[in-house]
Amino acid sequence: MTPAPSTHTQAVIVGTIAYYLGKKADEYHSHRWTVYVRGVDGEDLSRCVRAVTFALHPSFDEPTRRLEHAPYEVTETGWGEFDIGVKIEFTEDSGAGFVETTTPLKLFPSAEEIAKHGQQTTKKPLIKERYEEIVFHECESGFYKRMKGQAAKKAPKSEHDAVWGSFKEKPELVSIYAAREVTRERIKVLKQQLEVLESIDANT
Amino acid sequence: MSDAKDILGIPRGGTASTKGKKPREPAAKPPKGVSREVWQITQDRQSALDGNDALAAIAPSAIALHGLKDKRKITARTVTWQWMPFRNSARSDGLQLKHWVKRAVGGAQPTLMGTNGGDVGGDYAFAKYNKKIEMFKYTTEEYERLLRHLDESWSKEETDYLFEQLERFDLRFIIVVDRWSFEGGPNRTVEDLKVRYYSIAKVLIEARAESPEEAAAHQIVKMPFNAQHELDRKVALNTLLNRTNGEMKEEAEILSKVKEIEKRRRAENQALLQKAVSVFSTSRTHMVQNPVSIDDVRAEFEQLAPELPVKGSGALKPGAYLRGQHFVTVANEQANAAQGGARFAKRIDQSLEDLGVTNPVMSTHAVCAGWLKLREETIELLRVRKQLVTVYERLLAKGKTPGYIPGMADVEPKKTSAAEKAVPVRVASSGEIKREDSSTLTLKRKTQDAVGGRVQKAQKMTRR
């Protein structure tokens, strides 16, 4: 991968982590959850991120939470799932402004996950996160140089450090690879079939 | 025994063989529950033991003797022949002749219709077959007014001669042309005669009809005689008739080759269908061999799309982009450009889901590019299938049964493993032609979704 000169790529992980409260749960507080934006492998994002703003469900107090320092996390308790708005602002020198996305808050495991890992417990968190790559397309050269020259610092500690998952590209690549092989095979068969039917059609 | 006699026409009872013999003692009746045949055999054995064995088996039993002396009562009708006078209405001279006529006496019909006994009211029975054709004829006045200038190559005399001959031979043009001898006239072909007769008939119909509609409804006006078609037909028949042996052989060879090709094609088609079944099986992705090197795959995928594909029209503005999100937007645009409509986009998503691929989770360049390409290929697949459906339906409309379309309705039997159950098996890529299986599966999926999501949804609603 050789990005075009002036294109910098910054990997971030956006997601939610939720703990079931078990006995302590009441009608309106069944889970304790955290929404976050973090770097990969504890990388500090603040060298290019100025602030992260999370837009929670309007039923929360102060639904818009702006964080100017790492860790970019908001922890709440609740019982309902919703999509959380995520706005990442970049440092001035990037000239890139900000990006916006959403991440789903997930509190309840799906039937599939229950079958795999068993029922939800208070110990085991439910993590729903995705690996995104922020692409600074034709960014300011000063910013670019700074990113290249300056090694990433370690991010400040987070209470969830012990349970963060890691991302692997290989299984995803393999499944896309297999799906493409099958799809192309199917196209070929259908085209042959089309040829046959068309020749029947032409002869009748 | 008596059956055989019936066939031979000998009266039942076989009196000849038993004549002169003392009538045998009537055999004992079979006890209830014993069939007649079984009883007879045991009786015969009994008499064999008594000493007259040979006769015993052959001699008719008491039962066979039943009705021995009865004579067949003949109740049939008597048919007589009578010498009867008759006239033939086909004759103009009213000549009376006599002939033998079959007439029934007794319980039978007085006359046997349809035979020569069926003279109706003294008229000859076959007179009804003396049909005269209804011809169009013209009067002299009509000829002068309508027909004189119809075709200058025909004189009135020759036309008169034609009509005379046609009437005589009941419009059998072949016979008329065979006997054609009009002095001073040119040689006439069958087509010439037909053209002349039918064109005159047409003019007469049109002139005599009370309304143009009435004339137009007539067969001769509706479908005028086409001499050129007739000639072409004859030429074609002639060439068919005049083929040489070599040509016929050649033709037969071609036909047999065609048959062979068709047979081969059918076999190929069969093989293709079989292949299609396996290719479209829902677990097909598990059959794909893992790539040798993941780095090669990554490198290959990165070639498929740029780091940030162009969205909409015009170049990308400088700035920051979330790659995964950007690719999803591009993919939606791609789906819209291909066909548009939310349904189509859903079908692409469904196809990918069936292949075990979700939206990118790890949005690296390679994953996103591979994923976008996969969607492009899926669109192609759906497009080809749509074409296939069109042709398929056209063939169905023609009354052909082109078999089934691969990937249309190939629902594999449901898997039993728990992991597979969570993701219901569906039509390979949700085809247009739905079978019952697929609809029930869709139903299943819906209920499953409901179980998974209803609780949270309900909670969400109440919270607001």
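The values are calculated or read from the model by the stated rules, or taken from the named source; none is laboratory data. None of the values given here were measured: they were computed from a predicted structure. All Cβ positions, glycine included, derive from the backbone under ideal geometry; neighbour counts span all protein chains shown. Ligands, DNA and RNA are excluded from the accessible area calculation, which covers all protein heavy atoms including side chains. Shrake-Rupley method; radii C 1.70, N 1.55, O 1.52, S 1.80 Å.
Some observations on this one:
- Average beta-carbon neighbours from other chains, 10 Å sphere, peptide A:82-90: 1
- Other protein chain C-beta atoms within 10 Å of residue C-beta, averaged over B:347-354: 1.
- For the stretch B:234-334, the list of trypsin sites (Lys or Arg not before Pro) that fall in a loop by DSSP and count at most 13 other C-beta atoms within 10 angstrom reads B:243.
- Area buried, chain A against chain B - accessible surface, total, 1.4 angstrom probe, square angstrom: 6600
- Intensity falloff of the stretch B:212-355 expressed as log10 I(q)/I(0), Debye formula with alpha-carbon point scatterers, at q = 0.09 Å⁻¹: -0.72
- Ratio of Rg to Rh over the stretch B:173-243 (Cα coordinates, Kirkwood Rh, two decimals): 1.10
- Whole-number D in µm²/s for the stretch A:131-204 (Stokes-Einstein; Kirkwood sum over Cα pairs; 4 °C, 1.567 mPa s): 70
- Exposed loop sites here are GluC sites (Glu not before Pro) assigned a DSSP state other than H, G, I, E or B and surrounded by at most 15 other beta carbons within 10 Å; excluding them, the longest clear run of chain A is A:69-158.
- Radius ratio Rg over Rh of the stretch B:323-397, counting only Cα atoms, Kirkwood formula for Rh: 1.07
- The aspartates and glutamates within cross-link reach of residue B:29, meaning a Cα-to-Cα straight distance under 19 Å and a gap of 8 or more places when in the same chain, are B:37, B:44, B:50.
- Inter-label distance, residue B:263 to residue A:91: 8.0 nm, where each label sits 7 Å from its Cα along the C-beta direction.
- For the stretch B:251-329, the equivalent ellipsoid derived from the Cα gyration tensor has semi-axes of 49, 20, 13 Å, listed largest first.
- Seen against the Cα atoms of chain A and their longest principal axis, helix A:169-202 is set at about 30 degrees.
- Of B:128/B:194; B:102/B:132; A:188/B:275; B:194/B:234; A:24/A:116, pairs whose Cα-Cα distance is over 20 Å: B:128/B:194; B:102/B:132; A:24/A:116
- Interchain or long-range residues, amide H under 5 Å from residue B:91's placed H: none
- Amide H partners (placed H, <5 Å) of residue A:84, local residues excluded: A:103, A:105
- Computed over chain A, the quotient of the alpha carbon radius of gyration and 2.2 N^0.38 Å is 1.37.
- Extension gain, residue B:337 back to residue B:156 (0.36 nm per residue minus Cα-Cα distance, nm): 57.5 nm
- Restriction of the chymotrypsin sites (Phe, Trp or Tyr not before Pro) in the stretch B:137-238 to DSSP coil positions whose beta-carbon has at most 11 other beta-carbons within 10 angstrom yields no sites.
- For the stretch A:68-145, the C-alpha radius of gyration divided by 2.2 N^0.38 Å, with N the number of residues, is 1.52.
- When both the stretch B:317-360 and the stretch B:203-278 are represented by their alpha-carbon centers, they are found 53 Å apart.
- Of all aspartates and glutamates in the structure, the ones whose alpha carbon falls short of 18 Å from that of residue B:131, not counting any fewer than 8 places away in one chain, are B:93, B:119, B:123, B:164, B:167, B:170.
- Averaging the Cα positions of each part gives two centres, and for the stretch A:139-166 and the stretch A:30-51 these lie 10 Å apart.
- Listed by chain and number, the aspartates and glutamates whose C-alpha is less than 20 Å from the C-alpha of residue B:317, apart from same-chain residues fewer than 8 away, are A:89, A:92, A:93, A:100, A:132, A:133, A:138, A:140, B:307, B:333.
- Per residue of peptide B:363-370, the mean number of Cβ atoms on other chains within 10 Å of the residue Cβ is 6.
- Measuring between alpha carbons in the structure, the pairs from A:106/A:148; A:87/A:157; A:128/A:157; A:124/A:168; A:124/A:157 lying more than 27 angstrom apart are A:106/A:148.
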